[in-house]
1. May I ask you to derive the FRET efficiency for residue 112 and residue 181 from their Cβ-Cβ distance with R0 = 35 Å, giving the value to the nearest 0.05?
2. Compute the separation of the alpha-carbon centres of the range 23-77 and the range 82-116 and state it in Å as a whole number.
3. Within the range 34-122, which trypsin sites (Lys or Arg not before Pro) sit in a loop by DSSP and count at most 10 neighbouring Cβ atoms inside 10 Å?
Amino acid sequence: MRTCVLFICFFLVSSEANKSRISAPSLVTAIAKESVTIHCQYDPRYRDYEKYWCKGAIHNFCRAVVKTTGFSTSNRTAMSDDKYDGVLTVTVHDLQLEDSGKYWCAISKPLRNIFAGVFLQVLKADRPTRATTVSTTASGPAGGSRALKLKLRFQETWAVLRWILFGALLGCVVIVHVRKTRIHRSH
């Protein structure tokens, strides 16, 4: 139990540490068939590290879309790295509704990558809405609907919580197996 508490505390502290090294808008809304550009600011001491843009609910399991090394799984996504100012710029052209989802601006670093999450919401082209970017401030996301913010917060929380629950369940299975083995050996 003590190990689980320490793991959770380490996870929360390391997540907070990541926020100070790279920042990105928490929510970006754009229109299908158009383009969107997202800027991620990072600490210049990481200028020579590889950067990447990936998609997935959890960073550790996201699928790389494009990297600064030239790797790309999409001919609609481009990335540039302004190493002088510490700005990673990702542009997605010809947006599709299925492009909506959680993305990550990330820096490949030995032992622990540095990352910041961005939720991209692509709306139908017939909606009279302009592309917007919602930045994260000290008090949390600005603008946007409260319901969408709650939904995003729930998705982020659930993405972490389900892995914690999975680990706890796996731990219970191991404990039951060990106890059953001990009981069997004692008879």
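1. 0.50
2. What the calculation gives is 2 Å, centre to centre.
3. In loop regions of the range 34-122 (DSSP not H, G, I, E or B), the sparsely surrounded trypsin sites (Lys or Arg not before Pro) are 112.
None of the figures in this text is laboratory data; all of them are computed from the coordinates on show. Source: prediction; values computed, not measured. Backbone-built Cβ (ideal geometry, glycine too); neighbour counts: all protein chains shown.
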